[in-house]
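Any read-out appearing in this document is the output of simple, stated calculations on the displayed coordinates, not a laboratory observation. Note that the coordinates shown come from a computational prediction; the quantities given were computed from them, not determined experimentally. Don't worry about glycine lacking a Cβ; one is built from the backbone with ideal geometry, like all the others, and counts go over all protein chains shown.
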Amino acid sequence: MEKTFIMIKPDGIERRLMGEIIGRIEKKGFRITKAELKNPTRELVEDHYVEHKEKPFFEELVEYISGKTVMAMEVEGDNVIEVMRFMIGHRDPKLAIPGTIRGDFANKLTENIIHGSDSPTSAERELKLWFNH
Ligand code: CDP
Ligand code: MG
């Protein structure tokens, strides 16, 4: 069964959206097979977002997540990687369609509630990074 890495970001936790998001994942029929509140080190966040290391928003992004409380999850189901990306919605709040998590709750580019792996390679890498320490 396919697995993906989902993270409820610090603004999602602070805004008490954990239950809402977990509810959507479960109602879709996916299974949450690991879930842990974590306060990731800067090193872990930099590694997680290594693909964006050269981008102008990298520093702000790392600062927003490092040392804050996040919910790290392993979620399992058919086509879970692609379907979770649809359920999460577009990163640009102007393009995030209502009905998606970001479309319903996010209105900022950096603080956008939730992360989901974008491919099988990323899912495997991110699950290892967050859970096999
Ligand atoms: O999260 P997603 O895969 O949809 O988007 P991304 O393009 O991989 O960017 C990763 C994260 O960086 C986003 O979710 C935002 O939190 C942040 N970001 C940002 O702060 N400013 C941007 N211009 C683009 C992304
Ligand atoms: Mg991404």
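Anyone know which of L17, L95, L37 comes out most mobile in the 10 Å Cα GNM of the chain? Sorting by GNM fluctuation, first place goes to L95. A DSSP coil position with no more than 13 other Cβ atoms inside 10 Å describes the following chymotrypsin sites (Phe, Trp or Tyr not before Pro) in segment 1-95: F57.
Most exposed first by the Cβ proxy, i.e. fewest other Cβ within 10 Å, how do I101, I25, I13 rank? Don't jump to the answer; show the numbers that get you there.
Numbers: I101 23, I25 20, I13 17.
Exposure proxy ranking, most exposed first: I13, I25, I101.
Assuming 0.36 nm per residue, please report the length gained on full extension of the stretch H52 to R31 beyond their Cα-Cα distance.
Here the segment from H52 to R31 would lengthen by 4.6 nm.
Most fluctuating residue of H52, H115, H90 in a GNM of the chain with Cα springs under 10 Å: which is it? It is H52. Eigen-decomposition of the gyration tensor built on the alpha-carbon atoms of segment 1-66 gives equivalent ellipsoid semi-axes of 25, 15, 11 angstrom, largest listed first. Taking 27 Å as the limit for the C-alpha separation, the pairs K9/K53; K34/K94; K28/K94 exceed it in the case of K34/K94. Just the Cα atoms of the chain, one point each, no solvent: what log10 I(q)/I(0) does Debye give at q = 0.12, 0.17 Å⁻¹? Taking Cα atoms of the chain as identical point scatterers yields -0.41, -0.88.
Efficiency by 1/(1 + (r/R0)^6): what FRET value for M1 and E43, r their Cβ-Cβ distance, R0 = 35 Å, to the nearest 0.05?
Calculated transfer efficiency: 0.70.
The GluC sites (Glu not before Pro) of segment 36-104 that DSSP puts in a loop, and whose beta carbon has at most 11 other beta carbons within 10 Å, are E54. As a rough footprinting exposure proxy, the listed residues M71, M84, M18 were ranked by other beta carbons within 10 Å of their own, and the order from fewest upward is M18, M71, M84.
In order along segment 103-112, the phi-based Karplus estimate (6.51 cos²θ - 1.76 cosθ + 1.60, θ = phi - 60°) of 3J(HN,Hα) comes to x, 8, 10, 9, 9, 9, 7, 7, 7, 10 Hz; Gly and Pro are listed as x.
Using alpha-carbon pairs under 8 Å, 6+ residues apart, how would you state the relative contact order of segment 2-118 in percent?
Working: 194 pairs, mean separation 45.5, N = 117.
Relative contact order, segment 2-118: 39 percent.
The loop-placed trypsin sites (Lys or Arg not before Pro) in segment 92-133, going by DSSP, that have at most 16 neighbouring Cβ atoms within 10 Å of their Cβ come out as K94, K108.
Please give the contour-minus-distance gain from E20 to K128: 0.36 nm per residue of separation, less the Cα-Cα distance, rounded to one decimal in nm.
Numbers: separation 108, 0.36 × 108 = 38.88 nm, distance 2.59 nm.
That works out to 36.3 nm of additional length.
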